[in-house]
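Some notes on the structure that comes next.
Coordinate-derived values only; no laboratory data. The structure presented is a predicted model; accordingly, all values stated were derived computationally and were not measured. Every residue, glycine among them, receives a Cβ derived from its backbone with ideal geometry; neighbour counts consider all protein chains shown.
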Amino acid sequence: MPHRLLGDKNTIVSELIRIQAAPPFRLDFTVWALRRRVDNQIDRWDGQTYSRAFLTRKGAVEVSVTQSGPTELQASVTDAEVDAAPILTRLLGLNVNMKPFFEMARKDSRLWELAMRFQGFHPPRYPTLFEALVNAVCCQQITLTVGLQILSRVCAALGQHSASGLAAFPEPEALAAADFDELRALKLSRAKANSLIALGEAFANGEVDEAELEPLEDEAIVERLSRLKGIGRWSAEYALLRGFGRTNLFPGDDVGARGRLQSWLGIEAPLDYKSVHEILSAWRPYAGLVYFHMLLSGLDHRGLLES
């Protein structure tokens, strides 16, 4: 069965919907934590509006979101029969209660300053585990900018497009059936092209079932995902954080995140996987939220975030 992300309603509804987020909330911070670089052509952001195409039974439907109040979002959907609220709630972490994190951060002056700087951020979560793993494979062992450029090309080539031309994320079946040479032409390495085809096959044939993995402990999910071609510890932990929303987890093999953590804490010696987790033990169970705040801090230093 193809993976459909948005459910079709039985009755016609307005194309304009309103969604509430748990307070505090800022769409810009949340979208940038999802988008990461301007090269990301799947998650569009123009400074006020977040836009993305999703696949439905009728094809690619475009959703545009703006923040209309302190905790209110207004979403425009190109098909009035599509209920976008559930997927946007997951994607933008709208129902995540950030208050326990703030209570913990208040006890540490460094973390409290960071939490206050990005107050309103909610942890994003990819629409599917499949998307999280494809993101991970495309970004392995290269710069994030180049990885997102490749990912955007994959989506443009293999995803269905909305009426305005936005590409929806490809279905597993599309990657399973992808031509190896076509993927190589998109600047994927031989290993990554093979890994994406294998991922598509694994999800399309039911070898990997997100609902089956969801209730498992972190270690069990990492072990299961690491059996997949091209998926190692970093990719599996990345999928736990961004695919399953396990905000207790900081992907310790993420070189960029380790470097930002080292710089923020003023540590001279480079960090490794073990030392990262030793440092973050003081902030359990919110290590993943620290990871996202490190990301936002890096984006802020690049001048990408609004004041």
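Observations on the model:
- Too-long pairs where the Cα-Cα distance tops 27 Å, listed order kept, from K107/K274; K58/K187; K229/K274: K58/K187
- Coil-residue trypsin sites (Lys or Arg not before Pro) of the range 210-261, DSSP, other Cβ within 10 Å capped at 12: R227
- Helical runs (DSSP H, four residues minimum) scored at -39500 (n - 2.57) apiece and divided by the length of the chain put the mean residue ellipticity at 222 nm at -13000 deg cm²/dmol.
- Summary value for the range 129-242: 29 percent relative contact order, contacts being C-alpha pairs under 8 angstrom separated by 6+ residues.
- Whole-angstrom gap from the range 20-73 to the range 96-149, using each part's C-alpha centre: 15 Å
- Altogether, the Stokes-Einstein calculation at 37 °C and 0.692 mPa s, with the Kirkwood radius of the range 7-96 over Cα pairs as Rh, returns a diffusion coefficient of 245 µm²/s.
- Based on C-alpha pairs under 8 angstrom that are at least 6 apart in sequence, the range 187-265 has a relative contact order of 21 percent.
- Each residue, I267 and F180, gets one label point 7 Å from its Cα in the Cβ direction; the gap between the two is 4.2 nm.
- Pairs of Cα atoms nearer than 8 Å and 6+ residues apart set the relative contact order; for the chain it is 19 percent.
- Kirkwood hydrodynamic radius (C-alpha pairs) into Stokes-Einstein, the range 60-164, 25 °C and 0.890 mPa s, D in µm²/s: 147 µm²/s
- Computed log₁₀ I(q)/I(0) - Debye formula, equal Cα scatterers, no solvent, the range 129-242, q 0.11, 0.18, 0.23 Å⁻¹: -0.33, -0.89, -1.36
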